[in-house]
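The values are calculated or read from the model by the stated rules, or taken from the named source; none is laboratory data. Keep in mind it's a predicted model, so treat the numbers as computed, not measured. Neighbour counts are summed over all protein chains in view; Cβ atoms, including those assigned to glycine, are modelled from backbone coordinates with ideal geometry. Note: accessible area is taken over every heavy atom of the protein model, side chains too, but ligands, DNA and RNA are not part of it. Shrake-Rupley method; radii C 1.70, N 1.55, O 1.52, S 1.80 Å.
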Amino acid sequence: MKKIKKYIGKSYEPNCVLRATSDLKIPPGVKIGSTSLITEPYNYVSGGSFSGKEQPYSPDPFVNYRWDNPKASDLLQIFLCYPIGVRTENIGSFIGVETLITDHQEVEVLGTGMILLDFGVEMAGWLEIDSPDLNGAISLGISEYNEPAIVNTGPRSPSKIAVPVKYGNTYRLELNNELYEGVRFGFINVTEFDKTFHINGVRLICQIKPVNYQGSFNSNIEMLNRIWYTAAYDVRVNLKEDHFAAILMDRGDRHSWTGDAYPAQAAALIAFGNYDFVLQNLRYTAVHTNGIESFELYWIFSLIDYYKYTGDRKGVSALMPQAMLRLQHAYEIYAKNPALGFFGWDERLGAGFENPDIKTNQISYQLLALEAWSQFSIVSRDIGRGDLADTYEGYVKEKLSDLLKDADWYSSYGLHTSADAINAGIVTADIMEFLYHKNFTDRVNRLSYSPFNQYFILKAMGKSGHYDHGISSILDMWGGQIEYGGTTFFETYRPGWNDVINENDPVPNNQAGYTSLAHPWGAGVLPWLSEEVLGIKATSPGFRTFDIKPHLGRQVTRVSGSTPTPHGMIEASFNTATGECKVIIPEGTTAKIGIPKAEKVITDICMNGREAAVLGEDFEFLYLAELKSGTYIFQVDYEGQTPAYREREYTYAAEFVREDSETKGNWSGVYGTEGYDFFSYNRQGKDLENFPDYVANIRYNKANTIQWVSKTDEERALARNTRNNGNRKLGALYTNDPIACQQTFTLDIFLKTDRMYTIALYFADWDNTERRLAVEMFDKDTLNMVAPIKIVDNYSNGKYLVYRYDKSVRFRINQVRGANATLSAVFFGI
């Protein structure tokens, strides 16, 4: 990790400074969603108090606020948030910038320049400043990272910098009709200066849906604790008045997404126990579909989760018609290669909307259907619809019989299809281990490109008993986002970003478009930690019966937490270092407890001062007799030591050789000894090609073309050879910004046969517009990542990235900052 940029104040402290809201000015005509905040009294945070337990691992400033009786019908409330850090590079233009992190804000403006504001936590809010004597011209901006945000086309304001609207002495940034955006950082830009003026107020006005934290999680690994609470906050900060939203930053798709809601609702059931709001969102998403086939099945899984956690037969029965339509539709399109629409942003899943209907996704859809029919048949039978249960069990029997006719049906499965097969419960122990060791042990490639899809991989890791790998991947995927500086979880993420960008710097955009840093579809890690590591899991609807079996692996030695149920709170704590354990079982429930062995020998267990009755054991647990409601304190005597967990290294199949900023366009004798391809060199769309004999073809996708210059003597342009250095040219492929999901293009290089070769990519920011881009390298056949991500910046004079590999390859070029991302040439041999 590179060093962070320092601020005046307590930079990056996960806390928000809150002050009284009585000074908030809301002008007529302003609305937040469907909640009118037009007339006084304004709907400030009220109806409760900061009476809950303080939680140091949470970024949520309201983690310990307790509303008296929060309900799904509650309106949004508002509060103010103030900067905890500030920075300006225009020292002579501002006096008193440091006061913006105090109770007495007073900045004297003496010239043009910019002030960066860090609010410490990403909020759903909008930026305001106060000035009694402002003159000249200013703009205000917001962002999820420490440079002003510019998103793709679609929203009213793709640029998140604008001239504020004036209300008396208050200047408000209004970027959309709902006002709020995802805001971690703010910017005050003085663009024209006439005479000295003053800024005596800077704040965010933030919106919040009343909901109380009920569940909890704590372990000896602090990062896991931070991950659990960050996931909870990620869901909570995205709650709208009447539904679960899917993104904070307005980029044109800020509405409910049925699939996104699956992990978000699963997290909410545990963190908040807001059953009425989850049911309301199930009703909402039942009729607000997105045209994505897998998302329709994720809605089924969400309904199953809701029933498992609540036991609400009436609520589920009312939604049965919607469930039946989805399950019947899945049967009708099964194995018919339907248009899937989307399956995930990962390269191996078709890279979002680029190629969603690939074979692996068709297989995964079929596996999801098998899982949905199987699980929903249990729900159907439980609520008295044995006829439906028989139908769905019949679907499973029929389709599974067809699948198993091929004895080798699973051998070609990759990471995501393997996870879906394991989660569907259709694999034998031997097949499970084959799939696991084939696809889940590579530390780089066992991660999907999004926390959303990683949730399903996590579930498979749990089902296959590889909890240490699951915990390790959590620390890589979700812990890495926190180490980057995130206070919510992202739409896409690679741990390698942390090696090439500074903390809170802009991240790569990609096939998802502008990369959202507040995407609650990343919250699936929370239910996995609570259900698998803490081990609290319902075995009958509404937790009438449940298990507590903490899967600690070799890394976790202590875990505690709670899960809300309709019967009351389940609480559990286990410590394999001291042997002290405790469970609290609510009235009307029965629990099966597994005391974790932690690969040690348990010599004795006392429960409430008496010897505990042990019913049985397996490799992981000693099982006690079923326990009714009450509080149980255990003392477990252990002998031996838990073996240490050995983390795998990040390894890549390709070699990154070097970055070269010296050669410029003088490539002859340095690169291209075996061949090259100069993009749009002869004219726009006409390459200068000289392929090596081992290259069959080069193909690019989603790239625009340009010939920047047809004749020049500038060294950063490419000479055709050493004899015509005075007649250089330069063209490029470039991303189709700012259209949504066009912030990227791919370059595929097909070999005739596998062999080792050297390849160099040449970049030149010809018009000197401070472009910044990211380069990813994948094996063309497996689409596994084979080289670490690289950032290319400051490349107006030309820059090469040089690699060695032995197979066909795909490069993905992603825009980070600037008008677009460009690539001018590829060379073979050095």
| said: Take Lys405 and tell me if it is assigned to a loop (DSSP other than H, G, I, E, B) and open to solvent by 40 Å² or more (accessible area, probe 1.4 Å). | reply: yes
| query | Quick check, is Phe343 open to solvent by less than 20 Å² (accessible area, probe 1.4 Å) and under 20 Å from Gln362 (Cα atoms)? | reply | yes
| task | Quickly run through the stretch 639-655 and pick out the residues that are surrounded by 10 or more Cβ atoms within 10 Å (Cβ to Cβ) and free of Cβ contacts under 8 Å to residues at least 60 places away in the same chain. | result | Gly640
| request: Find all pairs meeting these conditions: Cβ atoms under 9 angstrom apart; at least six residues apart or on different chains; first residue within the stretch 289-314 and free of Cβ contacts under 8 Å to residues at least 12 places away in the same chain and under 13 Å from Val379 (Cβ atoms); second residue open to solvent by 20 Å² or more (accessible area, probe 1.4 Å) and of a type in the set (A, V, I, L, M). | output: none
| request: Kindly establish whether Ser668 is in contact with a helix residue (DSSP H, G or I) (Cβ under 6 Å, 6 or more places away or on another chain) and more than 22 Å from Glu776 (Cβ to Cβ). | output: yes
| query | If you go through the stretch 145-200 one residue at a time, how many are of a type in the set (Phe, Trp, Tyr) and part of a loop (DSSP other than H, G, I, E, B)? | reply | 3
| message | Pairs please, first residue from the stretch 383-398 and in contact (Cβ under 8 Å) with a residue 60 or more places away in the chain and under 15 Å from Ala372 (Cβ atoms), second anywhere and open to solvent by 30 Å² or more (accessible area, probe 1.4 Å) and assigned to a helix (DSSP H, G or I), Cβ atoms under 6 Å, 6+ apart in sequence or on different chains. | response | Tyr395/Tyr331
| task | Within the stretch 750-784, work out how many residues are open to solvent by less than 20 Å² (accessible area, probe 1.4 Å) and within 30 Å of the chain's Cα centre (by Cα). | result | 10
| request: For the stretch 581-613, name all the residues that are open to solvent by 70 Å² or more (accessible area, probe 1.4 Å) and under 30 Å from Pro541 (Cα atoms). | output: Lys582, Glu587, Lys592, Asn608
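For every residue, the table says whether it meets (1) without any contact (Cβ under 8 Å) to a residue 24 or more places away in the chain; (2) open to solvent by less than 20 Å² (accessible area, probe 1.4 Å); (3) in contact with a helix residue (DSSP H, G or I) (Cβ under 7 Å, 6 or more places away or on another chain); (4) among the hydrophobic types (A, V, I, L, M, F, W, C).
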site	(1), (2), (3), (4)
Gln454	no, yes, yes, no
Leu458	no, yes, yes, yes
His466	no, no, yes, no
Gly470	no, yes, yes, no
Gly485	no, yes, no, no
Pro506	no, yes, no, no
| note | Okay, helices (runs of 4 or more DSSP H) sitting entirely in the stretch 213-290 with 3 or more residues that are open to solvent by 10 Å² or more (accessible area, probe 1.4 Å), I get 222-237, 275-287
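Quick check on my filter: what residues within the stretch 732-777 are more than 29 Å from Asp806 (Cβ to Cβ) and in a strand (DSSP E or B)?
Tyr734, Arg772
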| request: Evaluate the stretch 314-334: report whether one residue or more is surrounded by fewer than 17 Cβ atoms within 10 Å (Cβ to Cβ) and under 30 Å from Gln743 (Cβ atoms). | output: no
| remark: Of Ile32, Ile8, the only residue that is at pLDDT below 50, in contact with a helix residue (DSSP H, G or I) (Cβ under 8 Å, 6 or more places away or on another chain) and either over 22 Å from Ile205 (Cβ atoms) or open to solvent by less than 40 Å² (accessible area, probe 1.4 Å) (or both) is Ile8
| query | Any idea which of Tyr392, Tyr449 is in a loop (DSSP other than H, G, I, E, B) and of a type in the set (Ser, Thr, Tyr)? | reply | Tyr449
| note | If we keep only residues of the stretch 426-446 that are part of a loop (DSSP other than H, G, I, E, B) and under 23 Å from Asp346 (Cα atoms), then the residue most open to solvent (accessible area, probe 1.4 Å) is Asp442
| query | Just checking, which of Ser73, Ser93, Ser139, Ser157 is under 24 Å from the mean Cα position of the chain (by Cα) and open to solvent by 10 Å² or more (accessible area, probe 1.4 Å)? | reply | Ser157
